[in-house]
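A short worksheet on the structure shown next.
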Amino acid sequence: MHRVFIYGTLKRGFPNHEAGLPQATFLGRVRTLEAFPLVVGGRWFSPYLIDERGQGQRLFGELFAVDSAGLALLDRMEGVGLPEGYRRIRIEVAEPAGEARLNAWTYAKDRSAVSVIHSAPMAEYAHDPRYVNPAKRDSAF
């Protein structure tokens, strides 16, 4: 099993949760031990974790356990290996009030891969009504 830190549209109750984490086990709400910039950006107003450790804020999100097939599904959804895709990186997380550290995967981009940033860095993503779901992107523009 693999632990994955989810900070954006894959969180429970958000638009991509069911498609991306159908067999995942929710492990709890967690916070990153390192700070990262988390912004809304790009043409589709997506949440992006920028891979700049020590910048921004410690992030709140959700921790899930997935099997290897679930991790491969997330990699495909996040475009890992594609020019405009995310990279899967290792981070450390802990329960917000806890001291126990856990390693987890998450998805990040280089700042240069985000065409435009629409928000200030935030500690936690709340659904942005401007977000365009992948299923609707062809008809949106």
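Where a number appears in this text, it was derived from the coordinates with a stated rule and is not lab data. This structure is a prediction, so every number in the text was calculated from the model and none was measured. Cβ: placed from backbone, ideal geometry, glycine included. Neighbour counts: every protein chain shown.
Rounded to the nearest 20 debye, the dipole size of the chain about its Cα centre is 140 debye, using +1 on the Cβ of Lys and Arg and -1 on the Cβ of Asp and Glu. Once the Cα-Cα distance is subtracted from the 0.36 nm per residue extended length, the Arg29 to Ala97 segment shows a gain of 23.5 nm. Footprinting exposure proxy ranking of Val80, Val4, Val116, fewest other C-beta atoms within 10 angstrom first, gives Val116, Val80, Val4. The local environment of Gln55, defined by Cβ-Cβ distances under 15 Å, has a net charge of 0 under the rule Lys, Arg +1 and Asp, Glu -1. Of the trypsin sites (Lys or Arg not before Pro) found in segment 80-140, those that fall in a DSSP loop while having at most 11 other beta-carbon atoms within 10 Å are Arg101, Arg130. Computed over the Cα atoms of segment 2-129, pair by distinct pair, the Kirkwood hydrodynamic radius stands at 14.5 angstrom. Residues Tyr131, Tyr48, arranged from fewest to most other Cβ atoms within 10 angstrom of their Cβ, appear as Tyr131, Tyr48. The residues packed around Asp110, meaning those with a beta-carbon under 10 Å from its beta-carbon, carry a net charge of +1 if Lys and Arg are +1 and Asp and Glu are -1.
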